[in-house]
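The values are calculated or read from the model by the stated rules, or taken from the named source; none is laboratory data. The structure presented is a predicted model; accordingly, all values stated were derived computationally and were not measured. Heads up, the Cβs are rebuilt from the backbone with ideal geometry, glycines too, and the neighbour counts pull from every protein chain shown.
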């Protein structure tokens, strides 16, 4: 959840008006929710679309949650935890940098 909080900070720091929040929602949040492997297994996708899906942090969250619910611990995709941690750190650092260098 830290990833999405940091993403929210980045969006909040970059919007110039209330109307532009909808643009971020339309072009970032909504596509990520549909392409983030929430409703399907990404292994069944073609290679080009699979490359895009695996760039989204929501994909690793969905894979981890699905595996925790349905798979034994021996089959859990442990690679998703360091990837999510790296994304959370990167987005948090970027948000902290932008917050520190924000000018009114």
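The test for being without any contact (Cβ under 8 Å) to a residue 12 or more places away in the chain, surrounded by 13 or more Cβ atoms within 10 Å (Cβ to Cβ), over 13 Å from the mean Cα position of the chain (by Cα) and over 13 Å from residue 61 (Cβ atoms) does not hold for residue 18.
Taking the stated definitions as given, is residue 103 outside any helix (DSSP H, G or I) and over 18 Å from the mean Cα position of the chain (by Cα)? In short, yes.
Would you confirm whether any residue within segment 63-84 is touching a residue at least 40 places away in the same chain (Cβ under 8 Å) and part of a helix (DSSP H, G or I)? Scanning segment 63-84 turns up at least one residue that is touching a residue at least 40 places away in the same chain (Cβ under 8 Å) and part of a helix (DSSP H, G or I). Step by step: first the residues of segment 50-62, then only those that are part of a loop (DSSP other than H, G, I, E, B) and surrounded by 12 or more Cβ atoms within 10 Å (Cβ to Cβ), then the one that is modelled with the highest pLDDT. Which residue is that? Residue satisfying both the conditions and the ranking: 54.
Restricting attention to segment 80-104, the residues that are exposed (fewer than 14 other Cβ atoms within 10 Å of the Cβ), touching a helix residue (DSSP H, G or I) at 6+ places or on another chain (Cβ under 8 Å) and over 12 Å from residue 13 (Cβ atoms) total 1. If the condition is being part of a helix (DSSP H, G or I), free of Cβ contacts under 8 Å to residues at least 24 places away in the same chain and loosely packed, with under 14 Cβ neighbours inside 10 Å, then segment 1-15 contributes 5, 12.
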